[in-house]
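Visitor: Take a look at this one; I'll ask things after.
The values are calculated or read from the model by the stated rules, or taken from the named source; none is laboratory data. Values in this document were obtained by computation on a predicted structure and should not be read as measured data. Here the Cβ is made from the backbone with ideal geometry for all residues, glycine too, and neighbour counts use every protein chain on show. Keep in mind that these areas ignore ligands, DNA and RNA; they rest on the heavy atoms of the full protein, side chains included. Shrake-Rupley method; radii C 1.70, N 1.55, O 1.52, S 1.80 Å.
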Amino acid sequence: MASINDAAREFVANIKPDKTIYAFYGKMGAGKTTFIKAVCEALGVEDTVTSPTFAIVNVYHSPERGEIDHFDFYRIKKIDEVYDMGFEDYFYSGNLCFIEWPELVESLLPDDAVRVIVTDNGDGTRSIEF
């Protein structure tokens, strides 16, 4: 059984240079934020990585990849809120974008967004598929 840090390093090793949008799907408490934190650490981010639940987006810096934009759309009530925040500036910047609760903005995701499924297996372990 791989640790979360091992899984994060494997995930980072599989990031393709032309893929920048990663949409993380999973139930509340499945471990999306925890996994994104481990991925950011594997990318050398030294900032504190937390869920941007209220801010909607947190920006981190990776010495390897530059700016990383971390979204949490859980509290979005209307799609207009996402337009108002200027999502296009983030999604089409070329920066890595990690998106929690992408189902709420599905129509705005680029066609080539990578879908990442985080599943709580019920026994204290998680599965990550992408």
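Visitor: Filter the range 69-78 down to residues that are out of contact with any strand residue (DSSP E or B) (no Cβ under 6 Å at 6 or more places or on another chain) and open to solvent by less than 60 Å² (accessible area, probe 1.4 Å) and give me whichever is nearest to residue 20 (Cα to Cα). Let's see the steps before the verdict.
Guide: Filtering the range 69-78 down to residues out of contact with any strand residue (DSSP E or B) (no Cβ under 6 Å at 6 or more places or on another chain) leaves 73-78.
With the extra rule that they be open to solvent by less than 60 Å² (accessible area, probe 1.4 Å), the set shrinks to 73, 76.
Working: 73: 18, 76: 22 Å.
The residue in question is 73.
Visitor: Could you name every one of the helices (runs of 4 or more DSSP H) located completely within the range 25-130 that has at least 1 residues being over 11 Å from the mean Cα position of the chain (by Cα) and within 21 Å of residue 8 (Cα to Cα)? Spell out how you get there, then give the answer.
Guide: Working: elements: 32-42, 79-84, 87-91.
Here the list reads 32-42.
Visitor: Then there's this: What do you reckon, is residue 88 surrounded by fewer than 16 Cβ atoms within 10 Å (Cβ to Cβ), without any contact (Cβ under 8 Å) to a residue 60 or more places away in the chain and in contact with a Leu (Cβ under 9 Å, 6 or more places away or on another chain)? Working first, answer last.
Guide: On the way: surrounded by fewer than 16 Cβ atoms within 10 Å (Cβ to Cβ): yes; without any contact (Cβ under 8 Å) to a residue 60 or more places away in the chain: yes; in contact with a Leu (Cβ under 9 Å, 6 or more places away or on another chain): yes.
So residue 88 passes the test.
Visitor: Then there's this: Considering the range 94-112 alone, what residues qualify as being under 16 Å from residue 72 (Cβ atoms) and touching a residue at least 12 places away in the same chain (Cβ under 8 Å)?
Guide: The first filter runs over the range 94-112 and keeps only residues under 16 Å from residue 72 (Cβ atoms), leaving 96-106, 108-109.
Once the filter is applied, which keeps residues that are under 16 Å from residue 72 (Cβ atoms) and touching a residue at least 12 places away in the same chain (Cβ under 8 Å), the range 94-112 yields 96, 97, 98, 99, 100, 101, 102, 103, 104, 105, 108, 109.
Visitor: Failed condition for residue 39, given (1) modelled with pLDDT under 95; (2) under 12 Å from residue 96 (Cβ atoms), with all others met?
Guide: Here residue 39 clears every test but (1).
Visitor: State all residues of the range 47-68 that are within 18 Å of residue 4 (Cα to Cα), open to solvent by 50 Å² or more (accessible area, probe 1.4 Å) and touching a residue at least 12 places away in the same chain (Cβ under 8 Å); if no residue qualifies, say none.
Guide: Hit for the range 47-68 is 50, nothing else.
Visitor: Please work out which residue is nearest to residue 119 (Cα to Cα), limiting yourself to the range 8-33 and to residues that are in contact with a helix residue (DSSP H, G or I) (Cβ under 7 Å, 6 or more places away or on another chain) and open to solvent by 20 Å² or more (accessible area, probe 1.4 Å). Step through it out loud before you land on a result.
Guide: Of all residues in the range 8-33, those in contact with a helix residue (DSSP H, G or I) (Cβ under 7 Å, 6 or more places away or on another chain) come to 8-9, 11-12, 21, 23-26.
With open to solvent by 20 Å² or more (accessible area, probe 1.4 Å) added as a condition, the list becomes 9, 12, 25.
Values: 9: 18, 12: 19, 25: 8 Å.
Ranking the candidates gives 25 first.
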